[in-house]
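For reference, the structure discussed in these notes is given below.
The values are calculated or read from the model by the stated rules, or taken from the named source; none is laboratory data. Treat the numbers as computed from the prediction; the structure is a model and nothing was measured. In this analysis, Cβ positions are derived from the backbone assuming ideal geometry, glycine residues included, and neighbour counts consider all displayed protein chains.
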């Protein structure tokens, strides 16, 4: 089997940017979509589904797609998914019916789930240790830059025609070509197990799926995701409440603050800390400082500074969670395991707004609710530190 190198790594990094395309490119044209389908019944419900259906599909079907990748092959499923992602992503350029567009977006969502699941699994198949950390850090650093590019390109194409942003899905076909020539199907005998050792040929049928580890990683991922998507979903409202009055200015401020994500990904790639508990403590602590600082900020300038701290937590935290999940699964279960991880992460996107509403419970303002979630995050950071200390004490006692 070939040895993975930079060509495979850069292709996986490119694959990691594809899910962002599903939403980021279309955000600027949402008002135009409402205008285009103004005469369609229930348009208030249906038009936003053009953006949200792909994420819902990831949450619902990623675990099944991951199991399919384990059974039929990562590369095979990935190639099919990229073909569907590109073709059905471009399809709305030919459709005039809103329901047909939503149906095409459902297929895009299935393809997105397969891309996310298989690319994460392949990152674990191809790399381990410091190499895995380095490439995951790069993936997190590149993400916000590419997302900003998708938003800008979507806005530019959308100013020409509401169909314009869908043209960006041709990038899926470009990445398909890169995958065809650079990625290979890993095999169990050459793959590393979760512990980093070589897998024994023919042993894949003898191990059970690690449900206990899956519940732990999935539960923590869901919690972090709910906190993470407060920023990702509510940025407009955050800075609107901090006094920013124009969408263009909000976009500029968010883009600048998103450089914190780049720093977070880079920091992860360079950090030598081994304890997952302490790394999660950093994530929760940064979110706590960010959200509490935003709630107490007198204006958008200081709010943007605190927002960048939360963006740092996002870049650092996503890399941490993916690496932690990969460490729990052997080759035979890696696709299914990363599918469950993706499902938990995207489920958090749907739960985040109602959780924030529940925190406010009609008594707190929006920013006060964000600040309250910041306090909860700080409490989670303290719990993570205590658990990390207990784990270290047990490890020391065991060595003694």
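Residue-by-condition table, conditions (1) at pLDDT below 90; (2) surrounded by fewer than 21 Cβ atoms within 10 Å (Cβ to Cβ); (3) farther than 14 Å from residue 291 by Cα:
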{"site": "341", "(1), (2), (3)": "no, no, yes"}
{"site": "346", "(1), (2), (3)": "yes, no, yes"}
{"site": "349", "(1), (2), (3)": "yes, yes, yes"}
{"site": "353", "(1), (2), (3)": "yes, yes, yes"}
{"site": "357", "(1), (2), (3)": "yes, yes, yes"}
{"site": "364", "(1), (2), (3)": "yes, yes, yes"}
{"site": "379", "(1), (2), (3)": "no, yes, no"}
{"site": "383", "(1), (2), (3)": "no, yes, yes"}
Can you tell me which residue among 265, 277, 218, 236 is assigned by TED's automatic domain parsing to the domain that holds residue 317 and either touching a strand residue (DSSP E or B) at 6+ places or on another chain (Cβ under 9 Å) or over 25 Å from residue 328 (Cβ atoms) (or both)?
236
For the subset of segment 1-29 comprising residues that are within 15 Å of residue 150 (Cβ to Cβ) and part of a loop (DSSP other than H, G, I, E, B), which member is modelled with the highest pLDDT?
17
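Can you tell me which residue among 74, 43 is more than 30 Å from residue 323 (Cα to Cα) and in contact with a helix residue (DSSP H, G or I) (Cβ under 9 Å, 6 or more places away or on another chain)?
43
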Going through (1) over 15 Å from residue 217 (Cβ atoms); (2) surrounded by 22 or more Cβ atoms within 10 Å (Cβ to Cβ) one by one, residue 273 fails only at (2)
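Tell me whether segment 115-122 contains one or more residues that are farther than 30 Å from residue 320 by Cα and either touching a helix residue (DSSP H, G or I) at 6+ places or on another chain (Cβ under 8 Å) or touching a residue at least 40 places away in the same chain (Cβ under 8 Å) (or both).
The answer is no; no qualifying residue exists.
Could you list all residues from segment 214-236 that are at pLDDT below 90, over 15 Å from the mean Cα position of the chain (by Cα) and crowded, with 16+ Cβ neighbours inside 10 Å? Let's see the steps before the verdict.
If we filter segment 214-236 for residues that are at pLDDT below 90, which is where we start, we get 229-236.
From what's left, over 15 Å from the mean Cα position of the chain (by Cα): 234-236.
Matches in segment 214-236: 234, 235.
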Selected residue (criterion: nearest to residue 307 (Cα to Cα)) from residues of segment 248-294 that are part of a helix (DSSP H, G or I) and out of contact with any helix residue (DSSP H, G or I) (no Cβ under 9 Å at 6 or more places or on another chain)
252
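For segment 160-174, which residues satisfy the criterion of being in a helix (DSSP H, G or I), touching a helix residue (DSSP H, G or I) at 6+ places or on another chain (Cβ under 8 Å) and more than 15 Å from residue 88 (Cβ to Cβ)?
We begin by selecting, within segment 160-174, every residue in a helix (DSSP H, G or I); these are 164-174.
Remaining after also requiring touching a helix residue (DSSP H, G or I) at 6+ places or on another chain (Cβ under 8 Å): 164-173.
Within segment 160-174, just 164 meets the criteria.
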One residue from 95, 106, 127 being more than 26 Å from residue 351 (Cβ to Cβ), in contact with a helix residue (DSSP H, G or I) (Cβ under 9 Å, 6 or more places away or on another chain) and surrounded by fewer than 21 Cβ atoms within 10 Å (Cβ to Cβ)
95
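So which of 154, 158, 143, 172 ends up being under 29 Å from residue 31 (Cα atoms), at pLDDT 90 or above and surrounded by 20 or more Cβ atoms within 10 Å (Cβ to Cβ)? Even if it seems obvious, please write down each step before you answer.
Working: 154 fails: at pLDDT 90 or above; 158 fails: at pLDDT 90 or above; 143 fails: at pLDDT 90 or above.
Only one candidate passes the filter, namely 172.
Take residues that are outside the structural domain of residue 334 (by TED's automatic domain parsing) and at pLDDT 90 or above and tell me which of the helices (runs of 4 or more DSSP H) falling wholly in segment 30-94 contain 3 or more. Explain how you work it out, then say what you get.
Working: elements: 30-36, 43-72, 74-90.
Where helices (runs of 4 or more DSSP H) fall fully within segment 30-94 and carry at least 3 residues being outside the structural domain of residue 334 (by TED's automatic domain parsing) and at pLDDT 90 or above, they are 43-72, 74-90.
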